[in-house]
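The values are calculated or read from the model by the stated rules, or taken from the named source; none is laboratory data. In this text the structure is predicted, and so the values were computed from the model without any measurement. Cβ coordinates were reconstructed from backbone atoms using ideal geometry, including for glycine residues, and neighbour counts include every protein chain displayed. In case anyone asks, the SASA skips ligands and DNA or RNA and just uses the protein heavy atoms, side chains included. Shrake-Rupley method; radii C 1.70, N 1.55, O 1.52, S 1.80 Å.
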Amino acid sequence: MSLAEMSLTEQPEAAMDVRVTLLGQPSVQRGTERVAPPKGKKVWALLAYLALTDRPVSRQRLAALLFDEADDPMAALRWNLAELRRLLGDTDLVRGDPIELRRDDSDLDLVLDVDVLVHGPWKDAIALDGLGLDLLEGMDFSVSAAFDAWLLTARRHFRALAGSMLEEAGLAMLADGQYTGAIDAAVRMVELDPFDENAQTLLVRSLAASGDRAAAQQQVRVCTELFRRELGIEPSPAVRLAAEIAPGSPTVAPIGGAAAARAQLEAGNAAIAAGAVEAGLQCLRRAVTEAEAIDDEDLHARALLSLGSALVHAVRGRDLEGAAALHSAIGIAQRTDARRIVATASRELGFVEVLAGHHERAEHWLARAEETAGNDDAERASINGIRGMALSDSARYPEAIAMLTTSIDLARRAGATRPEAWSLSILGRAHLLRGEHDEADKSLHESLELVRGDNWTAFLPWPEALAAEIDMLDGRVDRAAEAFDHAFALACQVGDPCWQGMAGRGAGLVELARADASQGIERLEDARLRCSQLPDSYQWVIAYVLDALCATAVRDRHPAANTWITQLERLAATTGLREFVARAYVHRAGLGERDAIEAARVLAEDIDNPRLHELVAVTR
């Protein structure tokens with residue numbers, strides 16, 4: 001044997017490329033060959049569950065979920081696992097007890113379309129054949145109420161995730177001047193959900209940016225007629241404004257020159273800080289235009305970052321316009337290696353995704369922000385604070401508490417008051433949700449002290465409403481009522497519907513504690529309407545208000561109970577709010593729905609929240 005032949009024989013064999021499709025009609029392809037489908041569709045259910053579950057699953061749990069009706073559930077599980085190994089071509093891929101799908105330990109180069117959609121770049125995600133199709137489309141297993149609930153939740157979540165990927169793709173292409181691609185992504189979003197205002201806004205903005213203002217205005221009319229006819233409401237102003245003002249376009253002519261651009265940027269930031277939002281936005285738009293005209297990329301990126309941040313934080317209903325500006329800022333900053341701008345803009349985009357309940361995409365942006373933040377403790381504190389918020393929203397409480405604690409430590413080291421106050425409030429909320437009132441009270445009062453000391457009026461209603469809830473739960477109802485009323489009045493003054501929803505929810509629960517059921521329901525319904533009126537509302541707050549409304553409606557046998565529970569279940573499933581999905585099934589059990597409590601038990605099993613488990617345990 002020659003040396004060349006010996007060298008070749010000693011080369012390790014290349015891993016077999018195995019591509020698994022679970023979105024739409026499921027299939028497996030090894031290399032260039034399509035593998036024959038398994039004998040029995042439950043193999044697909046088993047694969048999907050293992051692929052999408054966060055942790056290893058015991059054989060007993062799998063048998064109960066999928067094979068409980070079999071004469072010998074454990075034998076049925078063993079047969080299906082063997083068939084799954086044959087399908088994937090690796091006998092060691094799913095073994096042991098508990099069982100997990102060992103992607104990294106396998107000899108296979110295993111690629112699942114669901115992994116691409118959750119973790120991959122948008123370019124790969126939007127190229128998936130099954131993007132926007134149901135998980136295991138057309139398959140009905142009817143094996144247990146718990147598995148049916150899990151599958152329905154997963155289907156809704158992946159459909160929403162497809163929309164968020166298309167939105168990210170559209171915004172990125174819009175920022176890069178790829179208008180045809182942006183329009184195509186927006187059209188696909190509208191086809192997925194014509195009532196998604198962000199989809200309609202992105203389509204209008206993409207058409208306008210391409211120069212086709214007539215088509216943009218026509219789309220506004222089409223959207224308006226659709227919403228009036230089918231929903232009986234008007235779309236938010238963001239849809240109309242998308243046809244009128246592209247990111248960075250002022251409504252008056254520019255003055256010219258670098259000094260003018262810097263002056264407009266400084267004036268805009270000062271006006272926003274002082275609460276003169278519209279004047280500030282006008283200045284920032286002029287700064288963007290001035291900087292672009294003189295080809296000052298650093299100044300252009302800074303102006304776009306300020307404009308995007310202002311649209312996200314200071315103006316309700318304009319997050320998509322803000323995101324478009326932030327994407328443009330990142331594109332320019334990457335060319336000039338302005339890492340701090342990339343970090344801040346990425347963090348802001350992560351925040352937008354958290355509000356929308358797109359936690360997977362939020363982590364994508366926050367990881368990018370962290371990579372470019374370097375040793376900036378204040379920026380890292382803000383990044384970790386938003387990460388902690390995302391983890392808490394998705395009911396990963398121990399991880400959230402650890403992340404928020406890190407954020408608070410970094411903020412204190414940097415002397416960054418607002419990031420510290422922010423993370424303390426989210427930490428207090430996590431403890432509140434877990435029933436840990438002493439820890440929650442301590443964090444929330446520290447947050448309130450910092451917020452008041454910094455005159456951060458726009459944020460004050462949030463920690464104030466959370467602290468008031470502890471007072472109410474601990475029996476200090478009159479004190480809670482006063483704090484909720486103050487938080488609500490302040491939220492109305494600053495024009496924040498989400499904070500109005502939080503404070504209004506608390507005021508409704510106070511009425512219920514005072515035995516005024518009708519007034520309590522009325523306040524809760526008003527809170528729900530307030531916090532859900534805009535396309536960029538904080539989805540967790542909407543679910544929190546709906547959960548209180550559902551619990552009250554079930555207790556009082558309100559005629560709208562089932563409608564509200566369905567709304568909560570759908571919202572929580574699409575936005576990854578895992579605890580609220582479980583709570584929706586607890587509410588269904590409270591209405592006497594058969595097998596709902598078993599579904600709630602399975603959905604709550606991986607959530608480390610003693611208060612939730614107590615609720616499931618006492619519900620019959």
_Pair residue 141, residue 456: separation of 7 Å Cα→Cβ label points (nm)_ = 4.4
*Relative contact order (percent) for region 344-419, with alpha-carbon contacts under 8 angstrom and 6 or more residues of separation?*
28
*For q = 0.13, 0.16, 0.20 Å⁻¹, what log10 I(q)/I(0) does region 407-563 give under the Debye formula with an equal point scatterer on each alpha carbon and no solvent?*
-0.58, -0.87, -1.29
*Express in nm, to one decimal, how much length is gained between residue 92 and residue 111 on full extension, taking 0.36 nm for each residue of separation and deducting their alpha carbon distance.*
5.2 nm
_Nearest-20 debye value, region 473-544 charge dipole, Cβ charges on Lys, Arg, Asp, Glu_ = 100
*Enumerate the aspartates and glutamates that residue 39 could reach by cross-link, defined here as Cα to Cα under 19 Å, with residues fewer than 8 away along the same chain left out.*
68, 69, 71, 72, 83, 90, 137, 140
*For residue 221 and residue 620, FRET efficiency with R0 = 60 Å and r from the beta-carbon atoms, rounded to 0.05?*
0.70
_Checking a compactness column here: for region 320-370, what do you get for Rg(Cα) / (2.2 N^0.38 Å), N being the number of residues?_
1.05
*asked:* What would the Debye equation give as log₁₀ I(q)/I(0) for region 21-127 at q = 0.10, 0.17, 0.22, 0.23 Å⁻¹, counting only Cα atoms as equal point scatterers?
replied: -0.29, -0.83, -1.33, -1.43
*For the chain, just list the percent of Cα-Cα distances falling in each 20 Å bin from zero outward, please.*
18, 50, 28, 4, 0
_Per residue solvent-accessible surface (Å²) - the chain, probe of 1.4 Å_ = 42
*Which percent of Cα pairs goes in each bin when the distances of region 173-244 are cut into 10 angstrom slices starting at zero?*
24, 55, 19, 2
*Starting from the Kirkwood radius over alpha-carbon pairs of region 559-613, derive D by Stokes-Einstein at 10 °C in a medium of 1.306 mPa s and give it in µm² s⁻¹.*
142
*What does the charge add up to near residue 203, with Lys and Arg as +1, Asp and Glu as -1, over the other residues with Cβ less than 14 Å from its Cβ?*
-3
*Stretch gain in nm, segment residue 195-residue 515, where the contour uses 0.36 nm per residue and the Cα spacing is subtracted*: 111.4 nm
*Could you calculate the FRET efficiency of residue 212 with residue 270 from 1/(1 + (r/R0)^6), where r is the beta carbon distance between them and R0 is 30 Å, rounded to 0.05?*
0.25
_Within the chain: Cβ-based charge dipole about Cα centre, in debye rounded to nearest 20 (Lys, Arg +1; Asp, Glu -1)_ = 920
*Cα-based Rg of region 170-301 per 2.2 N^0.38 Å, rounded to two decimals?*
1.18
_Can you give me the distance in nm between label points at residue 233 and residue 36, each placed 7 Å from the Cα along the Cα-to-Cβ direction?_
5.3
*Does region 94-187 come out rounded, prolate or oblate by the C-alpha gyration tensor, with a ≥ b ≥ c the root eigenvalues, rounded set by a/c under 1.5 and, if not, prolate when a/b is larger than b/c and oblate if not?*
oblate
*Cα gyration tensor, region 512-620 - rounded (a/c under 1.5), prolate or oblate*: oblate
*Semi-axes of the equivalent ellipsoid for region 397-476, Cα gyration tensor, largest first, Å*: 20, 16, 8
*How are the Cα pair distances of region 282-366 distributed, in percent, across 5 Å bins from 0?*
3, 18, 26, 25, 16, 8, 4, 1
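Ranked from highest to lowest mean number of other Cβ atoms within 10 Å per residue, what is the order of the peptides 160-172, 291-303, 374-386, 65-77? Each step should come with its number before you reach the end.
Values: 160-172: 24.8, 291-303: 19.5, 374-386: 21.7, 65-77: 15.9.
Descending mean neighbour count gives 160-172, 374-386, 291-303, 65-77.
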*Set Lys and Arg Cβ to +1 and Asp and Glu Cβ to -1, take the dipole of the chain about its Cα centre, and tell me which of 142, 224, 77 lies farthest positive.*
224
*Is region 246-394 rounded, prolate or oblate when judged by the Cα gyration tensor, a ≥ b ≥ c being the square roots of its eigenvalues, rounded requiring a/c under 1.5 and prolate requiring a/b larger than b/c?*
prolate
*Taking the alpha-carbon centroid of each part, what is the distance from region 360-421 to region 152-169 in angstrom?*
25
